[in-house]
1. Run down A:67, A:39, A:31, A:23 and say which single residue is surrounded by 24 or more Cβ atoms within 10 Å (Cβ to Cβ) and modelled with pLDDT under 85.
2. Kindly list, by first and then second residue, each pair from a residue in the stretch B:51-71 that is at pLDDT below 85 to a residue that is among the aromatic types (Phe, Trp, Tyr) and surrounded by fewer than 14 Cβ atoms within 10 Å (Cβ to Cβ), limited to pairs with Cβ atoms under 9 Å and residues at least 6 apart or on different chains.
3. I'm checking my understanding of the structure. Among residues of the stretch A:238-259 that are assigned to a helix (DSSP H, G or I) and within 14 Å of chain B (Cβ to nearest Cβ), which one is nearest to residue A:161 (Cα to Cα)?
4. Condition test on residue B:174, is it in contact (Cβ under 8 Å) with a residue 24 or more places away in the chain, in a helix (DSSP H, G or I) and either touching a strand residue (DSSP E or B) at 6+ places or on another chain (Cβ under 6 Å) or away from every other protein chain (no Cβ under 14 Å) (or both)?
5. Go through the stretch A:76-101 and give me each residue that's buried (at least 17 other Cβ atoms within 10 Å of the Cβ) and under 17 Å from the mean Cα position of the chain (by Cα).
6. In the stretch B:172-192, what residues are hydrophobic (A, V, I, L, M, F, W, C), surrounded by 15 or more Cβ atoms within 10 Å (Cβ to Cβ) and either over 25 Å from residue B:47 (Cβ atoms) or within 17 Å of the chain's Cα centre (by Cα) (or both)?
7. Looking at (1) free of Cβ contacts under 8 Å to residues at least 60 places away in the same chain; (2) within 22 Å of the chain's Cα centre (by Cα), find the lone condition where residue B:144 falls short.
8. From the list A:101, A:71, A:78, which residue is in a helix (DSSP H, G or I) and either within 14 Å of another protein chain (Cβ to nearest Cβ) or in contact with a Lys or Arg (Cβ under 9 Å, 6 or more places away or on another chain) (or both)?
Amino acid sequence: MMDIIGYGAFFLTTALIFSFITLGLNLQWGLTGLFNVGLAGFVAIGAYTSALLTTPDTAGRFGGFDLPILIGWLGAMIVAGVAAAIIGVATLRLKSDYLAITTFGVAVVVQLVALNAQKLTGGPFGIGFIPRPFSSLAETPLLFNFANLGVVVAVLLVAYFALEHLAHSPWGRVLKALREDERAAVSLGKSARFYRVQAFAVMGLAGAIQAHFIGFIAPDNYLPILTFQVWVMLIVGGSGSNKGAIIGSIVVWAIWAGSGALTSALFSPEQQARAASLQIVAIGVMLCIILLVRPGGILGDMPRRRPAARRSSPATDEASSS
Amino acid sequence: MNLQFIVDGLLTGSMIGLGAIGVTLTYSILRFSNFAHGDFMAWGTYATLAVVSAIGAIFGKVAPIGPLSFGWPLIVAVIVAMGFTGVLALALDKVLFARLRAKGQSIIVVMASFGASMALRSLLEFLFTSRPTYFSRAIQIAMPVGFGIRITPDQIALLIVTALLVFGVHMLMTRTQTGRSMQALSQNPALARVVGIDVTKVVRITWLIGGGLACVAGVMIGILVQIRPLMGFDMLLPMFAAAILGGIGSVPGAVLGGLIIGLAEAGAVQLIGAEWRAAISFIILMAVLFVRPIGLFGVRER
């Protein structure tokens with residue numbers, strides 16, 4: 001019984017940590033309409049930055065400044081934001097596809113750096129001993145799990161209310177205005193680029209928070225599959241809704257973990273790698289079906305630029321390039 | 001510096017260029033960047049492999065042609081698989097992309113292509129496992145051709161095939177009615193429709209060409225390197241970079257972009273080391289976006 005409760009707390013913690021990233025993506029996609037295909041890259045930038053700032057000094061690797069966790073989180077936001085700003089200058093004046101392609105490239109390059117720049121990132125073995133809150137409780141797993149869950153819930157609540165507040169603040173209204181009609185917003189003197197870059201910084205923060213709860217990061221944590229999972233979480237929950245982002249994260253993580261447990265129970269060990277790929281197929285098909293059938297997700301508000309099905313010709317309209 | 005990088009670069013560039021033609025056509029005619037294009041490559045390659053094994057099962061072992069590592073079964077298989085990949089692309093369009101396109105939000109189509117790419121690739125992993133395989137395990141002796149350059153018969157054959165295909169597509173685009181319709185639709189969709197161009201047909205041909213060329217590019221990778229489910233996804237960034245460098249919508253541009261990126265990659269492998277290879281296309285992509293976002297042969301969007 002205790003095991004199940006302990007697992008429940010662990011499961012919920014993992015899912016809620018995902019919901020940080022989903023909230024960041026929601027700020028980006030749901031509010032500003034930026035399509036980020038490389039969010040795993042930005043999450044990784046945040047995670048590595050924070051890890052370098054807060055871990056104790058290590059021989060043979062750059063960094064290890066032993067700073068407080070909060071400084072690490074701040075650094076994560078700044079570095080992710082700067083990376084986004086550079087990309088933003090190049091792509092935000094172009095069609096949204098260019099941003100998608102470039103962010104995809106960022107994820108590839110971050111993955112390369114994480115793997116190859118051993119002096120900076122620890123290479124394929126990653127960085128361990130990242131300070132975790134409540135590490136003194138690790139002796140009693142149940143208590144440790146609940147303490148972690150408590151912290152995640154607390155930080156998540158803060159983030160949630162902050163984002164909800166932001167969405168209704170002048171700042172959030174600018175972001176929404178940019179999504180609905182960029183030209184009008186810019187004509188009112190709002191700098192589209194500056195606001196859009198800010199949304200990337202939240203992604204870095206999400207990565208840092210995740211790193212500090214797992215206590216260990218490696219390049220394998222930031223493969224394209226992460227980008228994909230988080231997108232599915234957001235689309236299932238409904239883009240534009242913060243509540244939806246959190247619920248979507250829990251639902252999709254439950255499906256993911258559940259189907260993972262199912263495949264390991266049903267298939268022999270040598271077949272499990274194959275079965276795991278079937279899991280991804282299922283989630284990919286699910287994403288496509290949701291996009292086709294219910295693009296608003298479960299809880300989405302999705303007031304997109306123009307009403308659906310205005311024309312039905314097979315090739316798209318030139319209006320989308322305006 | 002060893003001049004061998006020219007041959008390696010031209011070969012990599014051919015693979016990227018053939019793939020980039022599909023990317024650039026999809027982008028300019030259907031107006032979305034197709035993240036599933038790399039996976040068409042992988043599917044085409046595995047389809048070729050399946051047909052080769054089927055032929056092998058029926059006719060027994062076939063001797064390779066002259067000094068090449070493959071015989072007629074591979075050539076037959078590639079032609080069958082090109083058709084298969086084109087139909088696969090068409091089917092995906094019918095089930096998914098066309099319906100989303102009709103709703104008029106191009107970015108949702110991009111997202112769907114991202115989801116489809118994950119599903120296609122993982123399905124390959126399920127069917128064939130992620131273990132690399134090969135068309136032939138025979139080792140070819142590279143012939144020296146002077147200036148310290150060595151080249152294998154397979155490499156010469158594949159360079160010739162690429163040149164023929166690119167020439168063929170270029171002729172199709174510029175000399176036939178179909179090709180002119182495709183160009184018209186990419187330059188001004190509204191006007192193209194007004195003059196009565198059959199949009200459905202153009203869309204169909206775009207997918208068939210894109211899928212077929214992706215299949216050939218994949219098989220080239222399969223012959224020269226190895227066959228893996230991830231092989232196409234790894235080519236995605238170089239292909240996008242080549243299409244943008246050449247200018248969206250331009251077939252010669254996509255090929256030239258591919259060759260430039262291929263040569264740059266091969267040069268970088270010699271100078272900085274193979275592990276940074278994948279970063280080259282990103283650097284080129286960023287440079288193009290900063291300096292000349294419409295690319296070498298691009299036209300400004302209307």
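The values are calculated or read from the model by the stated rules, or taken from the named source; none is laboratory data. Values in this document were obtained by computation on a predicted structure and should not be read as measured data. Neighbour counts are summed over all protein chains in view; Cβ atoms, including those assigned to glycine, are modelled from backbone coordinates with ideal geometry.
1. Result of the check over A:67, A:39, A:31, A:23: A:31.
2. Partner pairs satisfying both residue conditions: B:62/B:72; B:65/B:72.
3. A:252
4. Judged against the criteria, residue B:174 is not a match.
5. Matches in the stretch A:76-101: A:76, A:77, A:79, A:80, A:81, A:83, A:84, A:99, A:100.
6. Residues satisfying the conditions are B:173, B:182, B:184, B:185, B:192.
7. Among (1) free of Cβ contacts under 8 Å to residues at least 60 places away in the same chain; (2) within 22 Å of the chain's Cα centre (by Cα), residue B:144 violates only (2).
8. Sole residue among the options that is in a helix (DSSP H, G or I) and either within 14 Å of another protein chain (Cβ to nearest Cβ) or in contact with a Lys or Arg (Cβ under 9 Å, 6 or more places away or on another chain) (or both): A:101.
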